[in-house]
Each structure stands twice: as C-alpha cells, then as structure tokens.
Amino acid sequence: ADQNHIRTFSIIAHVDHGKTTLSDRLLEVTKTISARQSREQLLDGMDLEREKGITIKAKAVRMEYVAQDGQRYQLNLIDTPGHVDFGYEVSRALAACEGALLVVDAAQGIEAQTLANVYLAVEHDLTIIPVVNKIDLPGAHPEEVAGEVESVIGIPAEEVIMASAKEGIGIPEILEAIVQRIPPPRGQRNQPARALIFDSHYDAYKGVIAYVRVVDGAFPTGAVVRFIGTGASASTLELGVFRPGMTPLNELVAGEVGYIATGLKTVEECQVGDTITLVDNPAESPLPGYRPAKPMVFAGLYPVDSNAYPELREALEKLKMNDAALSFQPESSNALGFGFRCGFLGLLHMEIVRERLEREYNLDLLITAPSVEYQVLLTDGEIITVDNPSDMPDLSKLGSIEEPVVQISIISPTRYIGTIMDLVTTKRGTFETMDYLDPTRVQLKYKMPLAEIVIDFYDQLKSRTQGYASLDYHLAGYQEADLVKLDILVNQQPVDALSLIVHRDFAYNQGRTLVERLRKLIPRQMFEVPIQAAIGAKIIARETVRAMRKDVLAKCYGGDITRKRKLLEKQKEGKKRMKMVGNVEIPQEAFMAILSLN
Ligand code: GTP
C-alpha cells in the first residue's frame, strides 16, 4: 500500500482492562479472523501465557479496512507485553507505531501501568486514542473515567471513545478514529533500507524470525541483511506479514510491518531494538534506542537429581535461543552441587523460565532466592559485580557496595496512604512525590532498592490495599548502601545457597526471623540441628531443630507392610524437592524462606 493508506498502532492498557478482547474484536470486524476462530489459538501462542492470563511477547497483525471515505487502509496492530518485566519490549513496540489506543476500564479507572504506558507513548510522539472500555459493566462510571483521562493525562474528554469490547460497542468508531487521527508513516522509500526489530522468536524450520517495522527503503526477499547493533548478518529466507498467520510476500517497504525469517540459530544475534539493513547499500546509522537485553534479577538453578545437570544445560540452551534476556552460567555450590546462575528481567520472567524448564523439559529444580547485581568496590581499588550473595568478598576486603535502585509509582485509593507509607519505609524506600488523580485516588512515587521489590513487595502491597493499589517501576541507577552478607549455618556448616545481602540496620531482625522460619521448615533429623545466622564470624541468632523422638521412628519400623510402603512412598514424594547438605536434608522452601521474611 502507499504510505498514506497505512496506520500502525498498539493497544496500551493496565492488566485486565481488556486489551486482548479489544484486539479480538478489531480482527473480527476487519474479517482478519472469523468470530469462530479464537484469538487464543492465533496470538497467544504460548500455553503459559494463556494460563497466566498475561501477554508476554509482542505480536503483530495486518488488517485491511475500508473506511467511511471509501478508501482501503492497511492497519498494523502491534501487541505489547503487559508486565513491567518486559518494559523494554514495550518501548520498542511503541517505537514501531504512530499511534496507540489507550484502553481504560470503565469501572477501575486509570492504574499505574496505564500511566507508565502513556508516558512511553508520549515519549515516542504517538497519537493517543483514549478508549473507555467495559461500559456494559453494572459498576461502570464511564463519564468519570473520561474526566480522569482529561485531568490526569490531558486528553480532552470529548476525544474519548466509549466502548465495550465484549459487547462490540464502539468498535466502528475506534476503527474510524485510527484512520482519521493517527498519522501515516513518514519513512523514505528511496533511502537505504532500515527496519526496527520489535520482537523475535525462534522457529525450528526458518530460524530466528524478526518482527520488524520497516522505517526506510525496502527489503526484497532473498536479500542479505545485516544487524547493525550485534554485527550479525543473514540471508532472508522468507519475509512477509502476519494475517494473522505468516503470509510470505516479495518485499516489505517503508511504513510496513511484518517479519523477516533469518535462518539464524539464536535470538541473541537478532535482538529487540536492533536495526536491520541491507548488506548491499547499507544504511549509515542505526535507528535510535538499541539496548542489549540486560538481566536484573539473578538466582541459582540446580537439578534436584544431580545427574540431570547435562539436561538442565541443554534445556537452558534451547530456551536461550528464543529468549535473549535470559542469561546463565555454570556455578557450583557446596550445598547444592552443580547448577547455573541465571539472570532474568524480573520475577515474572524467572517464574516463566522455571515453569517451562519443569513442564517442557521435565526437570525437577531447586531454585535459590533471587538476588540483584551489586557493584562492589574492594579495598585495593578494584570494582567487581556480584550477583550471588555467597560471592560477596570478606568484610576485610570490602570498600563499599552499591545496589540498583528503582523509582516506583503506586496508584491507590487515598485511604491506604498510611499503610503504603509504612510498607515502603520498612523496605528502605524514600518518598518522592504524591499527586491526587481525583479526590479519592493518589499517585505516590518513591525511590527504593530493587532488592526490596524482588522480595515480596508486590504481594504485600496488594494484601495491605485489598488489591486496590497498582504498581509500576523502572530502574533509576545505583546507590551506595550499608549492606552486609548474612550467612546461615546449618549444623555448624555454612550453607552458601542460603546467604543473603541485607542492610546492616535490618540484619539482626532478618537473621532472627530467618532462623525461626528455617527451624520450622527443616525436618527433624536423628540428631539435634542448630541453625545459626552470622555476619562474618559473629553469630547473631540461633534456633535448634530438635532430634526426632524414638516413638516416631518406631512407627516407621513396626507395623504391616502396606502401611510401611505407603510411608516410604510418601517420603519419596516429599524428597523430590530436598537436598542433602552435609548430613541434613533441606527442602526447597528453605531456600525461598527469605521471600516471606516479614
Ligand atoms: P492482559 O492480557 O492480562 O494484559 O489483559 P487484557 O488487558 O488483555 O484483558 P482481557 O482482554 O484479557 O480482558 C480481561 C477481562 O475483562 C476478561 O475477563 C474479559 O472478558 C473482560 N472484558 C474485556 N472487555 C470487556 C468489556 O467490554 N466488558 C466486560 N464486561 N468485560 C470485558
């Protein structure tokens, strides 16, 4: 199509406000899919994604739409991931668009992610079309929410489209607004070719598939392309558009959105945010904004059965082909044996990787408590990064430690301000600003160590506010802090996988709570097991797991044979997630105990 007849947009929304349902409707009304075809089969390709009810990967679909002006338009819908872990992917997806539908739930109003996404859209100069969705709900107050859009975001309430994606109300108006309000792409077709990668996936037959927005020039099929950021090159085995299935074409030209199949073996060479150009007649400069994927949260992954180590390596290698943000390297622990230190974008990403390893690769895993990456200045002037608490150098060699901090934004009904302030303070947060969205709701901003967010902040926020508060955060640099390593000794042996980094002021309390929890989690043995928390050589807390009583043992030995077998089987089940550390069995929960220290 000529550029004047192309419109490219995303849908931005807070989780559950109806993004998926609305995209379904748009695909149906434009006959891109039939009403019968469920979008689940088409767009939400990953099982896990469907089960968790969240959109993990950005996707793209081309629709055709004949507008009221009688002209035929090419509409490209680029789907954005809905979770804060995938913020960079969201920003690249938006960079590929000229406009965005901003969906706000008519019963809930604006939430933290709504605003975070709006800021991103404004940063990318997108035309925003506000849509108040779910007006069919009995609890809907669409006029008020439209007012909120005007007062908080600054878009006049008259521009708001009232809709119900579920009932199909407002869909024609939305399509017309897309054509009339969003500008066409402005790229140069006679310039050297440049395309922005906003997503990618690995395909067993066609290699890595790059999802691209062509900005300038044209990409013919078969051409040899180069990735400016990573320096890799590849031939285009196939290119085309998603309609919504992959549909091959002869070329993709400036303004169009589609895919390029590269034959590459891993997405690492074809990263989101990178620019693709042609090897003959290459563009001189890349498109702005490329940043290699960078993990923020780290944890050790160990096979429960140490023989499964090679399988774990193989599975991680396979996952990595499709996930540039996942990093891993071998590590060994005196407690857990051989495993991998893995880096993730955030806790959700970690959870997804763990579940896929267990489900798709049938592995039983032990995972250690997540940690962030510290910058450590040693007394000899060297600076090292530490992403595993047990690697923290001795106090004698430590100069200072810097930790990553994030800026968090919380939107909540005003009645919870007190309890939120209280929670944030216990998490070492510092207050920045408070703004009223309306008389009953505020946006609070704080600076907080990332390490504190990683450890059950979100769950506590939700439970203290009965689920009403919403959260968004982004990295805001590094800050020096008075941190110490807290070691845990089980039966006099330090267990490296249980070490953690804590603030000195909180160390004593956290040490106490942790050994109390561990006492409850570690099963009784034939002998007494002391559990201690220590900073350097100094023991700061101690609990004891009492030895098993004789009569408990007796039960296991006497008695009839079936009962005994049942008991043994039960024990075997229970053992699944246990590791022998020295002569003590430690269950998985113990390694995660710090996640619920409060
Ligand atoms: P994520 O993919 O998790 O970001 O959620 P989403 O924003 O895509 O929301 P989704 O479309 O999955 O909708 C969330 C819930 O709201 C689902 O149960 C939908 O059926 C429901 N829903 C969506 N639109 C409407 C609507 O217009 N009216 C009503 N009553 N329910 C709706």
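The values are calculated or read from the model by the stated rules, or taken from the named source; none is laboratory data. The structure presented is a predicted model; accordingly, all values stated were derived computationally and were not measured. Cβ coordinates were reconstructed from backbone atoms using ideal geometry, including for glycine residues, and neighbour counts include every protein chain displayed. Heads up: the accessible areas ignore ligands, DNA and RNA and are worked out on the full protein's heavy atoms, side chains in. Shrake-Rupley method; radii C 1.70, N 1.55, O 1.52, S 1.80 Å.
Given the criteria open to solvent by 50 Å² or more (accessible area, probe 1.4 Å) and either at pLDDT 95 or above or within 14 Å of the ligand (Cβ to nearest atom) (or both), does Gly18 qualify? In short, no.
When both residues are 6+ apart or on different chains and their Cβ atoms are under 6 Å apart, which pairs have a first residue that lies in segment 451-475 and is over 16 Å from His503 (Cα atoms), and a second that is among the acidic types (Asp, Glu) and not in a helix (DSSP H, G or I)? Short answer, once both residue conditions are applied: Ser470/Glu111.
Looking only at segment 451-486, residues that are modelled with pLDDT under 85 and at positive phi come to 2 in all. Whether a residue is out of contact with any Gly (no Cβ under 7 Å at 6 or more places or on another chain) and modelled with pLDDT under 90 was assessed, and Thr30 does not pass this test. Taken together, Ala195, Ala223, Ala218 contain a single residue that is open to solvent by less than 50 Å² (accessible area, probe 1.4 Å), away from the ligand (no atom under 16 Å from the Cβ) and closer than 20 Å to Leu94 by Cβ, which is Ala195. Checking Leu365, Leu377 one by one, the residue that is touching a strand residue (DSSP E or B) at 6+ places or on another chain (Cβ under 7 Å), within 29 Å of Val581 (Cα to Cα), surrounded by 15 or more Cβ atoms within 10 Å (Cβ to Cβ) and of a type in the set (A, V, I, L, M) is Leu365 and no other. Consider segment 512-537 and keep the residues that are assigned to a helix (DSSP H, G or I) and closer than 20 Å to Gly582 by Cβ. The one that is most open to solvent (accessible area, probe 1.4 Å) is Lys520. Report yes if some residue within segment 125-146 is small (Gly, Ala, Ser), surrounded by fewer than 24 Cβ atoms within 10 Å (Cβ to Cβ) and assigned to a helix (DSSP H, G or I); otherwise report no. Yes: one or more hits. For segment 228-246, the set of residues classified as open to solvent by 20 Å² or more (accessible area, probe 1.4 Å), more than 16 Å from Glu256 (Cα to Cα) and touching a residue at least 12 places away in the same chain (Cβ under 8 Å) consists of Ile228, Gly229, Thr230, Ser233, Ser235, Leu237, Gly245, listed by residue number. Whenever a residue of segment 151-172 is more than 25 Å from Val442 (Cβ to Cβ) and touching a residue at least 60 places away in the same chain (Cβ under 8 Å), its partners that are part of a loop (DSSP other than H, G, I, E, B) and not aliphatic (A, V, I, L, M), lying with C-beta atoms within less than 6 angstrom and at least six residues away or across chains, give the pairs Ala163/Gly170; Ala165/Gly18.
When residues in segment 145-187 are screened for being among the charged types (D, E, K, R), within 16 Å of the ligand (Cβ to nearest atom) and more than 19 Å from Leu75 (Cα to Cα), 2 of them pass. As a summary of the residue check, Ala106 satisfies the conditions (1) closer than 26 Å to Ser200 by Cα; (2) buried (at least 23 other Cβ atoms within 10 Å of the Cβ) except for the one numbered (1). Scanning segment 430-481 for residues that are open to solvent by 70 Å² or more (accessible area, probe 1.4 Å) and either of a type in the set (A, V, I, L, M, F, W, C) or touching an Asp or Glu at 6+ places or on another chain (Cβ under 9 Å) (or both) yields Phe431, Met434, Arg464, Leu475, Tyr478, Gln479, Glu480. Scanning segment 335-349 for residues that are under 14 Å from the mean Cα position of the chain (by Cα), at pLDDT 90 or above and open to solvent by 10 Å² or more (accessible area, probe 1.4 Å) turns up nothing. Step by step: first the residues of segment 255-294, then only those that are modelled with pLDDT of 95 or more and among the polar types (S, T, N, Q), then the one that is farthest from Ile228 (Cα to Cα). Which residue is that? If we take residues in segment 255-294 being modelled with pLDDT of 95 or more and among the polar types (S, T, N, Q), then Thr277 is farthest from Ile228 (Cα to Cα). The one condition from (1) in a helix (DSSP H, G or I); (2) more than 25 Å from the chain's Cα centre (by Cα); (3) not β-branched (Val, Ile, Thr) that Asp435 does not meet is (1). Looking at Ala100, Ala116, Ala121, just one residue is part of a helix (DSSP H, G or I) and open to solvent by less than 10 Å² (accessible area, probe 1.4 Å), and that residue is Ala121. Taken over segment 484-493, the criterion of being assigned to a strand (DSSP E or B) and surrounded by fewer than 17 Cβ atoms within 10 Å (Cβ to Cβ) is satisfied by Gln493 alone.
For segment 384-432, a residue qualifies if it is part of a helix (DSSP H, G or I) and farther than 30 Å from Ala537 by Cα, and the qualifying residues are Thr414, Arg415, Tyr416, Ile417, Gly418, Thr419, Ile420, Met421, Asp422, Leu423, Val424. Out of everything in segment 380-429 that is open to solvent by 60 Å² or more (accessible area, probe 1.4 Å), touching a Phe, Trp or Tyr at 6+ places or on another chain (Cβ under 8 Å) and not hydrophobic (A, V, I, L, M, F, W, C), what residue ends up being farthest from Glu480 (Cα to Cα)? So, considering only residues that are open to solvent by 60 Å² or more (accessible area, probe 1.4 Å), touching a Phe, Trp or Tyr at 6+ places or on another chain (Cβ under 8 Å) and not hydrophobic (A, V, I, L, M, F, W, C), the one farthest from Glu480 (Cα to Cα) is Thr385.
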